[in-house]
Amino acid sequence: MTNMTDTDMYSKAAIIGVGLIGSSLARGMRAAGAAKSIVGYDLQADVRARAVKCGAVDAAPPTLEEALKGADLVIVSTPVGAMAAVLAEVAAKADDGALVIDVGSVKGAVVEAATSLGGRVHIVPCHPVAGTEQSGPEAGFATLFHHRWSIITPLARSDGAYLEAVKKAAALWRAVGAEVEIMDHLHHDLALAITSHLPHLIAFTLVGAADDLESVAEAEIVKYSAGGFRDFTRIAASDPVMWRDVFLNNKAAVLEVLGRFTEELALLQRAIRWGDAETLEKVFSRGRALRRAIVAAGQEKDVPNFGRDEKA
Ligand code: NAP
């Protein structure tokens, strides 16, 4: 984590959409001394009041215009489906030269929307690969981005002011503890389709299938969930609106990885039907190897059972 110096400090940061990610960024920025003041704007008056009450932001004015006034840093942390409209409004109403960062989980749709908005403000599309299944301003915490990757997918602009804005966005992510990678937006969408979007789709499907299985009672599903099911329910408990928007906006990449996934599934189905022990063992061994690689890269702790204390 790098603390920002007084000269790097923003005078006012405006967080548009003060949910899990927006409020975590606000808290992380405060811990890093990244902005003199941090205000939030959200659609609902109730969310705005809660964002101030729980200490995520210093103030939450009732209009977007007021939140943007004098802001040299704008974070757009709404669901992906709202991004195009919010970015257009921010591009029209924010101060000249403001750095505008979005945190959407899909980048192609955001890059497309941002590209048509002109260069009065500098929009730098980003995706912090960090999160939990919770939502809202109370769910955020300052260390959410520590040792996680934040992927920047810059617009196709090569002017000096824009390149400087990309550098500043990278510095901000480092200040809140993240590591930064620059990537093409289409590559981002394919990579995240396999590492994040497909796992969520599988979790939603599994929970739906369990729900439909009338011969197994709900009480049994809950009782025996430690058999693997409960780990999927954590993912399946994620915000439905956020995930609806991810699948609506990353259609091509998700359909591509879903095709490959169903081929793998058919292979396993066949191996089970024909008692093909070798294939089953071979496929399952790849799972262990990948898990070890994730632990070795510091993206997961090497503790059994996800670190749950079963005695507690
Ligand atoms: P969240 O907790 O639901 O927060 C989003 C907030 O934005 C909600 O309070 C929502 O209000 C508000 N909002 C919606 N439309 C708005 C608008 N037009 N203007 C102002 N506020 C608006 O969601 P989140 O998990 O922080 O996700 C925010 C973004 O981060 C999404 O784009 C998501 O893809 C991305 N992201 C999420 C994760 C994760 O794990 N959660 C990780 C990385 C990136 P309402 O509830 O009233 O609609």
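Give me the residue from region 53-95 that is in contact (Cβ under 8 Å) with a residue 24 or more places away in the chain and among the hydroxyl-bearing types (S, T, Y) and, out of that set, farthest from N249 (Cα to Cα). Among those that are in contact (Cβ under 8 Å) with a residue 24 or more places away in the chain and among the hydroxyl-bearing types (S, T, Y), it is S77. Under the condition of being assigned to a helix (DSSP H, G or I) and either of a type in the set (F, W, Y) or surrounded by fewer than 13 Cβ atoms within 10 Å (Cβ to Cβ) (or both), the residues counted in region 245-293 number 29.
Of all residues in region 65-94, those satisfying the criterion of being within 14 Å of the ligand (Cβ to nearest atom) and among the acidic types (D, E) are E65, E66, E89. Could you count how many residues in region 19-30 are open to solvent by less than 10 Å² (accessible area, probe 1.4 Å) and either at pLDDT below 95 or more than 6 Å from the ligand (Cβ to nearest atom) (or both)? So the count comes out to 6. Which one is most open to solvent (accessible area, probe 1.4 Å), of the residues in region 123-138 that are more than 11 Å from the chain's Cα centre (by Cα) and within 8 Å of the ligand (Cβ to nearest atom)? So the residue we want is Q134. Any idea which residue in region 34-44 is surrounded by the most Cβ atoms within 10 Å (Cβ to Cβ), counting only those that are out of contact with any helix residue (DSSP H, G or I) (no Cβ under 8 Å at 6 or more places or on another chain) and more than 19 Å from D239 (Cβ to Cβ)? Selected residue: S37.
Filtering region 180-211 to residues that are open to solvent by 60 Å² or more (accessible area, probe 1.4 Å) and either in a helix (DSSP H, G or I) or touching a helix residue (DSSP H, G or I) at 6+ places or on another chain (Cβ under 8 Å) (or both) leaves I182, L186, H187, L190, I194, T195, F204, T205, L206, D211. Restricting region 84-96 to residues that are open to solvent by less than 50 Å² (accessible area, probe 1.4 Å) and assigned to a helix (DSSP H, G or I) leaves a set whose member that is farthest from V241 (Cα to Cα) is A91. The residues on offer are G33, G97, G55, and the sole one that is closer than 21 Å to Y162 by Cβ and more than 10 Å from the ligand (Cβ to nearest atom) is G97.
The residues of region 97-139 that are over 28 Å from D46 (Cβ atoms), among the β-branched types (V, I, T) and either without any contact (Cβ under 8 Å) to a residue 24 or more places away in the chain or part of a loop (DSSP other than H, G, I, E, B) (or both), listed by number, are V121, V129. Take the conditions (1) open to solvent by 10 Å² or more (accessible area, probe 1.4 Å); (2) out of contact with any His (no Cβ under 9 Å at 6 or more places or on another chain); A71 misses just one of them, which is (1).
The values are calculated or read from the model by the stated rules, or taken from the named source; none is laboratory data. Keep in mind it's a predicted model, so treat the numbers as computed, not measured. Please note: Cβ atoms are built from the backbone with ideal geometry, for glycine as well, and neighbour counts cover all protein chains shown. All accessible areas refer to the heavy atoms of the entire protein, side chains included, with ligands and DNA or RNA removed. Shrake-Rupley method; radii C 1.70, N 1.55, O 1.52, S 1.80 Å.
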